[in-house]
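S.K.: My questions all concern the structure below.
The values are calculated or read from the model by the stated rules, or taken from the named source; none is laboratory data. Please read these numbers as outputs of a predicted model, since none were measured by experiment. We place every Cβ from the backbone using ideal geometry, glycine too, and count neighbours over all the protein chains shown. These area figures cover heavy atoms from the full protein model, side chains too; ligands, DNA and RNA do not enter into them. Shrake-Rupley method; radii C 1.70, N 1.55, O 1.52, S 1.80 Å.
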Amino acid sequence: MNKQTIQTEFETRYGKPTLLVRSPGRVNLIGEHTDYNLGFVLPAAVDKEIIFALSPSSDKQSHFHALDLNETLDFDTQNFQKSEKTWANYGLGVIDQLQQLGHQVPAFSCVFGGNIPQGAGMSSSAALECGLAVGLNELFNLGIDRVDLVKLSQKAENEFVGMNCGIMDQFASVFGKDRHALKLDCRSLEYEYYPADISEYKLVLFNSAVKHSLVDSEYNVRRSQCEEGVALLQKLGENVASLRDATLPMLEKYQSHFDEVVYHRCAYIVKENQRVLDACQALANQDLATFGQKLYESQHGMQYEYEITVPETEFLVDQTRDEPAVLGGRQMGGGFGGCIINLIEEAEIDRIANQLAQTYKEKFNLDLEVYIADIVNGTEIMIDD
Ligand code: GLA
């Protein structure tokens with residue numbers, strides 16, 4: 001699905017578009033489930049993206065067309081409800097947030113489509129929210145800055161869609177930078193770019209093709225376990241507003257007061273925050289071996305402490321541990337399936353991917369999809385050429 005296809009479809013349906021927007025999906029190099037604990041994450045926007053064509057509507061209705069699904073929602077921006085079309089709710093949520101912030105959203109037409117794999121944990125939903133938010137902001141001169149566009153997109157997902165996600169995905173989609181990883185402090189929203197020009201290595205995603213229905217419910221369970229840990233530390237007299245403020249010695253001191261599972265969840269978050277900082281340092285030093293090691297450590301924590309991995313993703317990570325061309329790997333995103341992200345020597349990718357696809361098929365009877373993730377800029381208005 002490229003820009004031309006979207007533009008042509010728009011012209012057929014609604015005339016010439018006023019603007020085109022590109023909004024990418026993301027990978028997360030490291031820092032999983034740390035965002036809602038106000039810690040650190042290290043995502044990057046990648047070349048799997050959604051393209052939007054937009055213009056004010058020529059009638060009173062708004063027209064929102066998902067080209068990949070060939071589905072349209074016609075609606076009134078002044079009076080709409082949650083749709084049965086799941087995809088449409090990400091867009092409606094954005095309009096709802098804009099209105100809650102006091103902005104006028106006149107009727108508009110939009111056609112969008114892209115190549116972000118669904119259910120792979122590459123944040124197609126964030127790309128959809130952010131692309132529409134950036135597009136409507138430009139189309140109707142709303143004057144909202146990019147951080148606020150990120151925040152309202154996240155809120156659209158929390159409140160309208162009902163998924164209690166953190167801020168990482170939307171932030172990465174909007175603030176991603178070509179050939180750089182984005183270190184985000186999820187408390188202050190300060191961010192810093194680290195060169196991820198990883199010479200002869202590439203970020204490779206293997207899609208397990210597993211998406212357990214557990215993901216949403218277990219995601220919320222993890223969130224409340226973290227909150228439980230914070231509440232306990234506060235009760236014990238510690239000055240912590242989130243797990244960001246906790247340390248390992250602090251946790252160890254009070255271990256006997258903790259429910260064992262909650263203790264492990266909290267320990268994982270505290271260690272994962274440190275791993276993000278270590279991984280950033282490794283990138284700055286161009287020390288890819290240490291960087292890869294951090295990915296494996298993160299996987300270990302997700303498997304044994306946070307318990308969000310599944311046999312399929314564990315298998316995929318374990319299969320290539322002895323390959324010298326693979327520097328590290330881990331399950332990526334919310335958990336319970338989705339993609340694993342690996343750092344692999346470019347010349348060896350085909351061989352390793354073919355071998356892995358075969359063993360994966362033998363073991364789980366599932367087809368392995370492979371994506372090379374090239375790091376690109378965040379959401380932008382496209383210059384017409
Ligand atoms: C999902 C959420 C993010 C983040 C990750 C886990 O992708 O949308 O906010 O919490 O899971 O790191």
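S.K.: Filter Lys211/Lys363; Lys183/Lys363; Lys85/Lys361 down to the pairs with a C-alpha to C-alpha distance above 25 Å, please. Could you put the intermediate results ahead of the total?
M.R.: Details: Lys211/Lys363 17 Å; Lys183/Lys363 36 Å; Lys85/Lys361 33 Å.
Where the Cα-Cα span goes over 25 Å, the pairs concerned are Lys183/Lys363; Lys85/Lys361.
S.K.: For the range 35-108, divide the Cα radius of gyration by the Kirkwood radius and give the resulting Rg/Rh value with two decimals.
M.R.: Details: Rg = 15.3 Å, Rh = 14.6 Å.
Computed over Cα atoms, the ratio is 1.05.
S.K.: I need the calculated FRET efficiency for the pair Ile372 and Val147, taking r as the beta carbon distance and R₀ as 35 Å, to the nearest 0.05.
M.R.: Values: r = 30 Å, r/R0 = 0.86.
Efficiency, rounded to the nearest 0.05: 0.70.
S.K.: Mind putting together the pair-distance distribution for the range 1-71? All Cα pairs, 10 Å bins, whole percent per bin, short to long.
M.R.: Reading the bins upward from 0: 17, 37, 21, 20, 6.
S.K.: Under Stokes-Einstein, with the Kirkwood radius over Cα pairs standing in for Rh, what whole-number D in µm²/s applies to the range 83-129 at 4 °C and 1.567 mPa s?
M.R.: Numbers: Rh = 12.1 Å.
Estimated via Stokes-Einstein, D reaches 107 µm²/s.
S.K.: From the mean inverse distance of alpha carbon pairs (Kirkwood) and the Cα radius of gyration, derive Rg over Rh for the range 254-385. Provide the component values of the computation, followed by the final result.
M.R.: Numbers: Rg = 17.3 Å, Rh = 16.6 Å.
That ratio equals 1.04.
S.K.: With an 8 Å Cα cut-off and a minimum separation of 6 or more residues, compute the relative contact order for the chain in percent. All intermediate terms of the calculation are to be shown ahead of the outcome.
M.R.: Details: 782 pairs, mean separation 93.7, N = 385.
This gives 24 percent for the chain.
S.K.: Report the accessible area of Phe80, computed with a 1.4 Å probe over the heavy atoms of all protein chains in place, in Å² rounded to the nearest 10.
M.R.: The accessible area of Phe80 comes to roughly 40 Å².
S.K.: I'd like to check one number: the per residue accessible area of the chain, probe 1.4 Å, reported in Å² as a whole number.
M.R.: Working: 16110 Å² over 385 residues.
Per-residue accessible area for the chain comes out at 42 Å².
S.K.: On the Cα set of the range 111-154, report Rg and Dmax in Å, please.
M.R.: When restricted to the Cα atoms of the range 111-154, Rg and Dmax are 11.5, 34 Å.
S.K.: Exactly which GluC sites (Glu not before Pro) in the range 118-205 are in a DSSP loop and have at most 16 other Cβ atoms within 10 Å? Working shown, then result.
M.R.: Values: sites: Glu129, Glu138, Glu157, Glu159, Glu190, Glu192, Glu200; in loops: Glu190, Glu200.
In loop regions of the range 118-205 (DSSP not H, G, I, E or B), the sparsely surrounded GluC sites (Glu not before Pro) are Glu190, Glu200.
S.K.: Continuing with the same structure: How large are Rg and Dmax for the range 163-261 when only the alpha carbon atoms are used, in Å?
M.R.: When restricted to the Cα atoms of the range 163-261, Rg and Dmax are 17.9, 50 Å.
S.K.: Over the Cα atoms of the range 276-347, what Rg and Dmax result, in angstrom?
M.R.: 12.0, 34
S.K.: When the convex hull of the C-alpha atoms of the chain is computed, what volume per residue in Å³ does it have? Numbers along the way, then the final one.
M.R.: Numbers: hull volume 55.9 nm³, N = 385.
So the per-residue Cα hull volume is 145 Å³.
S.K.: Let me ask you something else. Within straight cross-link reach of Lys271, meaning Cα distance under 16 Å, which aspartates and glutamates are found once same-chain residues fewer than 8 apart are removed?
M.R.: Candidates past the 8-residue exclusion: Glu32, Asp35, Asp185, Asp245, Glu252, Glu297, Glu305, Glu307.
S.K.: Moving to a separate point now. Which three numbers, in whole Å and largest first, are the semi-axes of the equivalent ellipsoid of the range 186-342 derived from its Cα gyration tensor as √(5λ)?
M.R.: Details: eigenvalues 164, 80, 37 Å².
In descending order the semi-axes read 29, 20, 14 Å.
S.K.: Follow-up. Going from most exposed to least, what order do Thr12, Thr77 have by accessible area with a 1.4 Å probe? Before the final figure, lay out the partial values.
M.R.: Values: Thr12 110, Thr77 5 Å².
Greatest to least solvent exposure: Thr12, Thr77.
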